[in-house]
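Input: a single structure, listed below in structure tokens.
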Amino acid sequence: TSGSTGRPNGVVVPHAGVAKLIHTQHEVYCVTEASRVLQFASPSFDLAFWELCQALCSGGTLVLVPPERRVAGVELTEYIAAQRVTHLALPPSVLTMLPAEADLPQGVSMLCGTEAVPPEVVARFAAGRRMFNAYGPTEATVNATLFLCPPDHRGPVPIGAPDPHVRAYVFDERLGLVPPGTAGELYLGGEGLARGYLGQTGLTAAHFVADPFGPPGSRLYRTGDRARWNRRGLLEFLGRVDDQVKIRGFRIEPAEIEAVLESHPAVAAAVVIARDDHGPGEGGATVRRLVGYVVGVPGDNPDAHEVRAWLAQRLPGYMVPAAVVVLDAFPLTPNNKIDRAALPAPVFTSVAGRTSRDAREAALCRLAAEILHLDATSIDDNFFDLGGDSILSIRLVSRARRQGIAITARQVFEAPTFAALAALAGTLPSSAVVAESDFPLVALTQADLDDLEDRIGRVADVVPVTPLQEGFFFHAQLEEDGDPYLPQTIFDLGDADRPVDPGGRGVSPRQRRREPLGTVLRRSVEALLDRHPNLRAGFAQLGSGAVVSVVPGEATVPWRQVDLTAMTEAEQAQAVSRLAE
């Protein structure tokens, strides 16, 4: 997904890439028909295809994770052990959140990757296991390099050597090969390279270039990632060429946030970076956060909390830094460039506020302290000033609802202190009976089922959501007008009509009746909805606070058709503008 537009790019991957992927799994990752592969990744990520290929294309067993076990804790590791899993893929963000008592079984083969792997993760999990660091964009059919991590590894964790039948080059700005130890941009070639982006010839031409070292007609994929070869002939990942960062699945351009920060009247200059620090409170897991640093205009000292609140009104929630730090001046390198490594880490601490006055305030303070890894919080603390973010606010809402406290993510943003939040909170009716239903992947109460049927009619399926989908739902709840993830499309149908074959087959052109193109198009879309349940799916929040994906039994197309033929050009423009509102 593009971090600038938020729109997904269709990557056209050849079948040969799948064969390359399976070959790598057999030759390097040692997958056999006796393997039991954990299916943990969301189907919306290409890593899920890595898992599916391991099991289903080798004769092995695919082990599905129940929703209640899909958490970074003892529930997950105990399930892995009980199911005798031999191969699994977990991102560093999950591994770093596993508590000490939630250890993975010895002897498993585990794939890490999708983001930089901290050395402490290797130190903890590589001993007694075959742990691989992996790198691979979708454009190279999911995987391109693997590195078997030694238990005693120290320092940055390489992404390894190219997979079989994959070529990797590190080029400078002039597309010349750089010597080992020198940073450059990583290019990939060989089998499995995508043909390009579906329907986007310009984007394809920008990212897929001629391969000067391959056979005639071969190409390379320009990854946009910085890398270098080390002394052992292994690749080391160094970040994005364009400083683009990835936070909780969203690709973000820090420069876009800096531009908005610098438009604040009290801010003279701003820098935004992604920091890999320990979470708030002692013992917090290593997390990646956006942090903004600002220097005030001469004679003005901006307030960090006010600047962050101002920024939250102008950017999507996932682009708002977890903290804003006000500095007198930026630290500089000897070349008078901003020394980003010397920027201080934000400090998240509880203020000396009032103690809880009732059970609801006490519960919210206790839950927030647990989520943020703090010893305690006061009712005057601001959830976001303590290190909370949009994803953690969803967790607070969910846990509060399990305590019978009804709050929403929007209310957390509108009333971020626990005193104010408790004043807005409602009370949920107690219902602990799990309903008997045909949806085994989600624990539903009878009240949940009744509520869903009241809202959407007959329910065809209910399934858990992925973390990214939960984020989509969160951002949709923040929008007061409309839904940012439901675009409207306007088609100019003209006055054309289309022949319709009433019998289906064997009817001559003269026997076919003609219908307006709009009627044919609408009926075609409705046929797709009837045929494919996924096109009818949507999100719903249960009484417990959990977000689920619900597939209605029936759905209609939200369709509006306007006849512009009798209007002037000015009237047509006004009508189209009203449709787009």
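So the values come out like this:
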read-out: Options 191, 120; residue that is under 27 Å from the mean Cα position of the chain (by Cα), open to solvent by 20 Å² or more (accessible area, probe 1.4 Å) and among the acidic types (Asp, Glu); value: 120
read-out: Every pair of residues 6+ apart whose Cβ atoms lie under 7 Å, when the first sits in the range 395-423 and is open to solvent by 60 Å² or more (accessible area, probe 1.4 Å) while the second is at pLDDT 80 or above and not hydroxyl-bearing (Ser, Thr, Tyr); value: 395/371; 399/367; 403/363
read-out: Check on residue 79, of a type in the set (Phe, Trp, Tyr), out of contact with any Pro (no Cβ under 8 Å at 6 or more places or on another chain) and either within 25 Å of residue 462 (Cα to Cα) or not in a helix (DSSP H, G or I) (or both); value: no
read-out: Test result for residue 133, buried (at least 19 other Cβ atoms within 10 Å of the Cβ) and in contact with a helix residue (DSSP H, G or I) (Cβ under 7 Å, 6 or more places away or on another chain); value: no
read-out: Any helices (runs of 4 or more DSSP H) falling wholly within the range 412-495 and containing at least 2 residues that are modelled with pLDDT under 85; value: 446-456, 467-478
read-out: Residues that are under 18 Å from residue 164 (Cα atoms) and open to solvent by less than 40 Å² (accessible area, probe 1.4 Å), drawn from the range 22-58; value: 22, 24, 25, 29, 31, 50, 53, 54, 58
read-out: Test set (1) at pLDDT below 95; (2) within 21 Å of residue 115 (Cβ to Cβ); (3) buried (at least 20 other Cβ atoms within 10 Å of the Cβ); (4) not small (Gly, Ala, Ser) - residue 267 fails condition number; value: (2)
read-out: Residues satisfying the stated conditions in the range 235-248, i.e. at pLDDT below 85 and open to solvent by less than 30 Å² (accessible area, probe 1.4 Å); value: 239, 244, 245, 247
read-out: Long-range neighbours under 7 Å by Cβ, at least six apart or interchain, first residue under 14 Å from residue 144 (Cβ atoms) and touching a residue at least 60 places away in the same chain (Cβ under 8 Å) within the range 9-33, second surrounded by 16 or more Cβ atoms within 10 Å (Cβ to Cβ) and small (Gly, Ala, Ser); value: 11/194; 13/194; 17/192; 20/192; 21/192; 29/109
read-out: Flag if residue 142 is within 26 Å of residue 289 (Cα to Cα) and among the hydrophobic types (A, V, I, L, M, F, W, C); value: yes
read-out: Checking residue 376 against (1) crowded, with 22+ Cβ neighbours inside 10 Å; (2) more than 15 Å from residue 473 (Cα to Cα), the condition it does not meet; value: (1)
read-out: Residue in the range 67-83 that is over 30 Å from residue 253 (Cα atoms), charged (D, E, K, R), open to solvent by 10 Å² or more (accessible area, probe 1.4 Å) and modelled with pLDDT of 90 or more present; value: yes
read-out: Set 255, 206: member being small (Gly, Ala, Ser) and modelled with pLDDT of 85 or more; value: 206
read-out: Lone qualifier among 546, 555, 575 - being touching a residue at least 12 places away in the same chain (Cβ under 8 Å) and closer than 30 Å to residue 425 by Cα; value: 546
read-out: Of all residues in the range 317-348 being open to solvent by 80 Å² or more (accessible area, probe 1.4 Å) and within 28 Å of the chain's Cα centre (by Cα), the one that is modelled with the lowest pLDDT; value: 347
read-out: Residue 314 open to solvent by 40 Å² or more (accessible area, probe 1.4 Å), among the charged types (D, E, K, R), modelled with pLDDT of 85 or more and touching an Asp or Glu at 6+ places or on another chain (Cβ under 6 Å); value: no
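The values are calculated or read from the model by the stated rules, or taken from the named source; none is laboratory data. Values in this document were obtained by computation on a predicted structure and should not be read as measured data. Here the Cβ is made from the backbone with ideal geometry for all residues, glycine too, and neighbour counts use every protein chain on show. Note: areas computed on protein heavy atoms with side chains; ligands, DNA, RNA excluded. Shrake-Rupley method; radii C 1.70, N 1.55, O 1.52, S 1.80 Å.
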